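Peer 1: Let me begin by handing over the structure; questions about it come next.
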Amino acid sequence: MKLTNISVIKDLISRHGFTFSKSLGQNFLINPSVCPRMSEGLSGTVIEIGAGIGVLTQELSKVAERVIVIELDESLKPILKETLFDCDNVEIIWGDAVEVINQKLVHEPVTVVANLPYYAATHIIMQLLERRRYLLIKSIIVMVQEEVAQRFIALPRSKQYGIVSVAARFYGQPKLLFKVSRGSFMPTPNVESAVIRLDVFQENRYDLNEKEFFRLVKAAFSERRKQLCNPVSREFNIDKEVVKAALTAIGKTPAARAEELSVDEFVKLSGRLNLSN
Ligand code: SAM
């Protein structure tokens, strides 16, 4: 059954009385080249978030040893029963991915692959990164809105650089794999998409308290166009001059803004200020 074929999809959804939910970000892939490209070179265990009618799941099932899919919309049950009937290595967990990833799903390293619902994409990726060790995540390969993809791969001094860009490079190595036009989905979304890959560092690169580190990063970006010494001094109740001196000590100007600091520089700043030991 060719699940990128519009007539096949229309037949499936009408036979099962399925209706697309906009609020669940249900834009299903109809471009036949995308799923093979997302699955290329994969092996071992894969976790997929959001099965839809199973178009990506089928492809993952061909290349991976085991596929665990998390899907929230139980009205897809009869469709997936039909489309995945011969995919013996696929197991579906019904529920909200944000909650399900709090469970120990596997005991072996995994790759997470998904065409994420737009409304929750950033939140889901951040949760996965925070829980990377517990979930034994090696890599995350996800389709997201192009604007979101640009934020994950952004470098300092760019318009898109922000908290998620720092998080992506704190936890791993982000990369844009390819762009996907809006015509590749049914129904057609209002935005362009892109697939990013995040290879997660297997060793801790920085020896610090992550919670306090991200408290610093969030405070700094809370006024991204202004000098970061102001929000940081307020958040941590430290004299502004102390923050300025710490910035100078790490080789930045005392008037530096958050968007000028790389991950390494944020780490150095937090060390200088004794914030995340
Ligand atoms: N993988 C399919 C594809 O590529 O055609 C479907 C992708 S569609 C963009 C997103 C899927 O995620 C939908 O099936 C939707 O029901 C599901 N979904 C939405 N929110 C979810 C959540 N919080 N947890 C798990 N699945 C969710």
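The values are calculated or read from the model by the stated rules, or taken from the named source; none is laboratory data. Here the structure is a predicted model, which is why all the values come from computation and not from measurement. We place every Cβ from the backbone using ideal geometry, glycine too, and count neighbours over all the protein chains shown.
Peer 1: Name every residue in the stretch 2-52 that is at positive phi and hydroxyl-bearing (S, T, Y), in order of residue number. Spell out the reasoning first.
Peer 2: Taking the stretch 2-52 first, the residues at positive phi are 17, 25, 41, 44, 50, 52.
The answer is none; no residue qualifies.
Peer 1: Could you list, in sequence order, the residues of the stretch 55-67 that are more than 9 Å from the ligand (Cβ to nearest atom) and buried (at least 21 other Cβ atoms within 10 Å of the Cβ)? Step through it out loud before you land on a result.
Peer 2: Pass one, the stretch 55-67, residues more than 9 Å from the ligand (Cβ to nearest atom): 58-67.
Passing the criteria: Q58, E59, L60, S61, A64, V67.
Peer 1: A further question follows. Search the stretch 18-42 for residues that are assigned to a helix (DSSP H, G or I) and crowded, with 19+ Cβ neighbours inside 10 Å and pair each with any residue that is at pLDDT 95 or above and among the acidic types (D, E) when their beta-carbon atoms are under 6 Å apart and the residues are at least 6 apart or on different chains.
Peer 2: C35/E59; S39/E59
Peer 1: Out of the residues in the stretch 44-54 that are of a type outside the set (S, T, N, Q) and away from the ligand (no atom under 12 Å from the Cβ), state the one that is surrounded by the fewest Cβ atoms within 10 Å (Cβ to Cβ). Please lay out each step first, then the result.
Peer 2: In the first step, residues of the stretch 44-54 are kept if they are of a type outside the set (S, T, N, Q); the result is 44, 46-54.
Going one step further and asking which of them are away from the ligand (no atom under 12 Å from the Cβ), we end up with 44, 46.
Working: G44: 14, V46: 28.
Per the criteria, the residue is G44.
Peer 1: Just wondering, is there one or more residues in the stretch 5-17 that are in contact with a Ser or Thr (Cβ under 9 Å, 6 or more places away or on another chain), within 11 Å of the ligand (Cβ to nearest atom) and either closer than 30 Å to N102 by Cα or not small (G, A, S) (or both)? Give the steps one after another, and end with the answer.
Peer 2: Step one: list which residues in the stretch 5-17 are in contact with a Ser or Thr (Cβ under 9 Å, 6 or more places away or on another chain), which gives 12-13, 16-17.
Filter once more, keeping what is within 11 Å of the ligand (Cβ to nearest atom): none.
Scanning the stretch 5-17, I find no residue that is in contact with a Ser or Thr (Cβ under 9 Å, 6 or more places away or on another chain), within 11 Å of the ligand (Cβ to nearest atom) and either closer than 30 Å to N102 by Cα or not small (G, A, S) (or both), so the answer is no.
Peer 1: Restricting attention to the stretch 260-275, report how many residues are buried (at least 20 other Cβ atoms within 10 Å of the Cβ) and more than 16 Å from R234 (Cα to Cα).
Peer 2: The number of residues fulfilling the criteria is 3.
Peer 1: Take I70 and decide whether it is assigned to a strand (DSSP E or B) and either touching a residue at least 12 places away in the same chain (Cβ under 8 Å) or touching an Asp or Glu at 6+ places or on another chain (Cβ under 9 Å) (or both).
Peer 2: So I70 fits the description; yes.
Peer 1: Does the stretch 102-116 contain at least one residue that is free of Cβ contacts under 8 Å to residues at least 60 places away in the same chain and farther than 19 Å from R66 by Cα?
Peer 2: Yes: one or more hits.
Peer 1: Could I ask something else about it? For residues that are crowded, with 20+ Cβ neighbours inside 10 Å and in contact (Cβ under 8 Å) with a residue 12 or more places away in the chain, tally how many sit in the stretch 146-158. Show your work before the answer.
Peer 2: Pass one, the stretch 146-158, residues crowded, with 20+ Cβ neighbours inside 10 Å: 148-149, 151-154.
Retained after the next criterion (residues that are in contact (Cβ under 8 Å) with a residue 12 or more places away in the chain): 148-149, 151-153.
Result for the stretch 146-158: 5.
Peer 1: Counting just the residues of the stretch 162-205 that are of a type in the set (D, E) and assigned to a loop (DSSP other than H, G, I, E, B), which one comes out surrounded by the most Cβ atoms within 10 Å (Cβ to Cβ)?
Peer 2: Initially, the stretch 162-205 is screened for residues of a type in the set (D, E), giving 192, 199, 203.
Now drop any that are not assigned to a loop (DSSP other than H, G, I, E, B), which leaves 192, 203.
Values: E192: 15, E203: 4.
Ranking the candidates gives E192 first.
Peer 1: OK, next. When the residues of the stretch 206-239 are filtered to those that are free of Cβ contacts under 8 Å to residues at least 60 places away in the same chain, touching a strand residue (DSSP E or B) at 6+ places or on another chain (Cβ under 9 Å) and basic (K, R), which remaining residue is surrounded by the most Cβ atoms within 10 Å (Cβ to Cβ)?
Peer 2: By that ranking, first place goes to K226.
Peer 1: Considering the stretch 2-17 alone, what residues qualify as being surrounded by fewer than 15 Cβ atoms within 10 Å (Cβ to Cβ) and either hydrophobic (A, V, I, L, M, F, W, C) or in a helix (DSSP H, G or I) (or both)? Full working, then the answer.
Peer 2: Of the residues in the stretch 2-17, the ones surrounded by fewer than 15 Cβ atoms within 10 Å (Cβ to Cβ) are 2, 5-7, 10-11, 14-15, 17.
If the condition is that a residue be surrounded by fewer than 15 Cβ atoms within 10 Å (Cβ to Cβ) and either hydrophobic (A, V, I, L, M, F, W, C) or in a helix (DSSP H, G or I) (or both), then I6, S7, K10, D11, S14, R15 are the ones that fit.
Peer 1: Hey, another quick one. Within the stretch 20-43, is even one residue within 13 Å of the ligand (Cβ to nearest atom) and closer than 22 Å to L136 by Cα?
Peer 2: yes
Peer 1: Take the residues of the stretch 215-261 that are charged (D, E, K, R) and not in a helix (DSSP H, G or I): which is farthest from P156 (Cα to Cα)?
Peer 2: Here is the first cut: in the stretch 215-261, the ones charged (D, E, K, R) are 215, 218, 223-226, 234-235, 239-241, 244, 252, 257, 259-260.
Applying the additional criterion that residues be not in a helix (DSSP H, G or I) yields 223-226, 239, 252, 257.
Working: E223: 15, R224: 12, R225: 13, K226: 15, D239: 26, K252: 13, R257: 10 Å.
The qualifying residue farthest from P156 (Cα to Cα) is D239.
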